[in-house]
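The values are calculated or read from the model by the stated rules, or taken from the named source; none is laboratory data. What you are looking at is a predicted structure, and each value in this text was computed from that prediction instead of being measured. Glycine also receives a Cβ, built like all others from the backbone with ideal geometry; neighbour counts cover every protein chain displayed.
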Amino acid sequence: MENKHQHLLETINSEAKFTASYTGRKNFNPRVMNAMAEVDRENFVSSQYLPFAYDNGPLPIGYGQTISQPYIVALMTDLLDLTAESIVLEVGTGSGYQAAILSRLAKQVYSIERVKELAESAGERLKELGYDNIEIRNQDGYIGWQEKSPFDGIIVTAAANHIPPSLIEQLIPGGRMVIPIGLPHMYQELMLLTKDEDGTTHTESLLGVAFVPLITDEKNE
């Protein structure tokens, strides 16, 4: 799989250059690309999809969920501008692939997964693979993880129809959030939210994406 993995990294670099006019990022941070190189995607896909593990596309992981396109994983990660001391919240653990990438860049990753079976399997997988700075909770991601906040960065891997206020509250001043906004099976936009020191927020639409919906019990969703 080594040649396929290397080809995927080259594809991500090419895609970054192609979309730079939308994202403002012609090249991703070397730390991000090193993480993409270190984490084997084949460990996070089911056996039936192993031949496609290093394709630049999403793959089913069961329960109506997917493992995201590697380029999108790299882009969303890069947009967070993480440091080795960052504390990150991920909403939508899935198979654990995105969390594994984040763990290579941040001090601590907290990840929320609504589907209990996915939360449990991802937790076991990440533990077996030696990722020891990731903590997973099975709950509604819309409400975030108040006890572990504030977060330097928040990444949401499912599309909401608006940015959850609870997640904005749990972001530190100076923090960054990356989240897809839009309705299921309709046009969605990848949004970057930044928070000023005084709590003022700014949002920027980057490019069109396609994500599974963020499901929540919140009545105001």
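Yes or no, residue by residue, for (1) crowded, with 24+ Cβ neighbours inside 10 Å; (2) under 23 Å from Met33 (Cβ atoms):
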residue: Ala99; (1), (2): yes, yes
residue: Lys107; (1), (2): no, yes
residue: Leu118; (1), (2): no, no
residue: Leu126; (1), (2): yes, yes
residue: Gln139; (1), (2): no, no
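Rundown of residues vs (1) modelled with pLDDT under 95; (2) touching a helix residue (DSSP H, G or I) at 6+ places or on another chain (Cβ under 9 Å), yes/no style:
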{"residue": "Ala159", "(1), (2)": "yes, no"}
{"residue": "Ser166", "(1), (2)": "no, yes"}
{"residue": "Pro173", "(1), (2)": "no, no"}
{"residue": "Ile181", "(1), (2)": "no, no"}
{"residue": "Pro184", "(1), (2)": "yes, no"}
{"residue": "Leu190", "(1), (2)": "no, yes"}
{"residue": "Glu197", "(1), (2)": "yes, no"}
{"residue": "Leu214", "(1), (2)": "yes, yes"}
{"residue": "Asp217", "(1), (2)": "yes, yes"}
Original post:
Any chance the stretch 66-78 includes a residue that's surrounded by 20 or more Cβ atoms within 10 Å (Cβ to Cβ) and either in a loop (DSSP other than H, G, I, E, B) or among the charged types (D, E, K, R) (or both)?
Top reply: yes
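Within the stretch 102-189, considering only strands (runs of 3 or more DSSP E) that don't extend past its boundaries, which have at least 2 residues that are over 20 Å from Tyr63 (Cβ atoms) and among the hydrophobic types (A, V, I, L, M, F, W, C)? If you could, list the steps in order and put the result at the bottom.
On the way: elements: 108-113, 134-138, 151-156, 171-182.
In the stretch 102-189, the matching strands (runs of 3 or more DSSP E) lie at 151-156, 171-182.
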**OP:** Would you point out which residue out of Asn13, Asn27, Asn43 is surrounded by fewer than 18 Cβ atoms within 10 Å (Cβ to Cβ), more than 16 Å from the chain's Cα centre (by Cα) and within 17 Å of Ala99 (Cβ to Cβ)?
**Re:** Asn43
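Could you list all residues from the stretch 28-47 that are among the polar types (S, T, N, Q) and either under 19 Å from Glu204 (Cα atoms) or at pLDDT below 95 (or both)? So that I can check it myself, show each step before the final result.
So in the stretch 28-47, the residues among the polar types (S, T, N, Q) come out as 29, 34, 43, 46-47.
Ser46, Ser47 - these are the residues of the stretch 28-47 that are among the polar types (S, T, N, Q) and either under 19 Å from Glu204 (Cα atoms) or at pLDDT below 95 (or both).
Can you spot a residue in the stretch 183-194 that is out of contact with any strand residue (DSSP E or B) (no Cβ under 8 Å at 6 or more places or on another chain) and farther than 24 Å from Arg25 by Cα?
Quick first cut of the stretch 183-194, residues out of contact with any strand residue (DSSP E or B) (no Cβ under 8 Å at 6 or more places or on another chain) only: 185-186.
Pick out the ones that are also farther than 24 Å from Arg25 by Cα and you get 185-186.
Yes, the conditions are met somewhere in the stretch 183-194.
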Original post:
Does Gln139 fit the bill of being polar (S, T, N, Q) and modelled with pLDDT of 95 or more?
Top reply: no
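Take the residues in the stretch 81-92 that are assigned to a loop (DSSP other than H, G, I, E, B) and more than 10 Å from the chain's Cα centre (by Cα); name whichever of them is farthest from Gly130 (Cα to Cα). Write out each step before concluding.
Step one: of the stretch 81-92, the residues assigned to a loop (DSSP other than H, G, I, E, B) are 81-86, 92.
Checking which are more than 10 Å from the chain's Cα centre (by Cα) leaves us with 81-86.
Numbers: Asp81: 24, Leu82: 21, Thr83: 21, Ala84: 18, Glu85: 19, Ser86: 19 Å.
Step by step, filter the stretch 81-92, then rank; the result is Asp81.
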Original post:
Conditions: (1) in a loop (DSSP other than H, G, I, E, B); (2) in contact with a Leu (Cβ under 6 Å, 6 or more places away or on another chain); (3) surrounded by 24 or more Cβ atoms within 10 Å (Cβ to Cβ). Ser95 meets all but one. Number of the miss?
Top reply: (2)
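Does Gln146 count as of a type outside the set (A, V, I, L, M, F, W, C) and over 14 Å from the mean Cα position of the chain (by Cα)?
Values: of a type outside the set (A, V, I, L, M, F, W, C): yes; over 14 Å from the mean Cα position of the chain (by Cα): yes.
Against the criterion (of a type outside the set (A, V, I, L, M, F, W, C) and over 14 Å from the mean Cα position of the chain (by Cα)), Gln146 qualifies.
Residues to consider are Ser121, Ser95, Ser111; find the one that is of a type in the set (Gly, Ala, Ser) and within 11 Å of the chain's Cα centre (by Cα).
Working: Ser121 fails: within 11 Å of the chain's Cα centre (by Cα); Ser95 fails: within 11 Å of the chain's Cα centre (by Cα).
Only one candidate passes the filter, namely Ser111.
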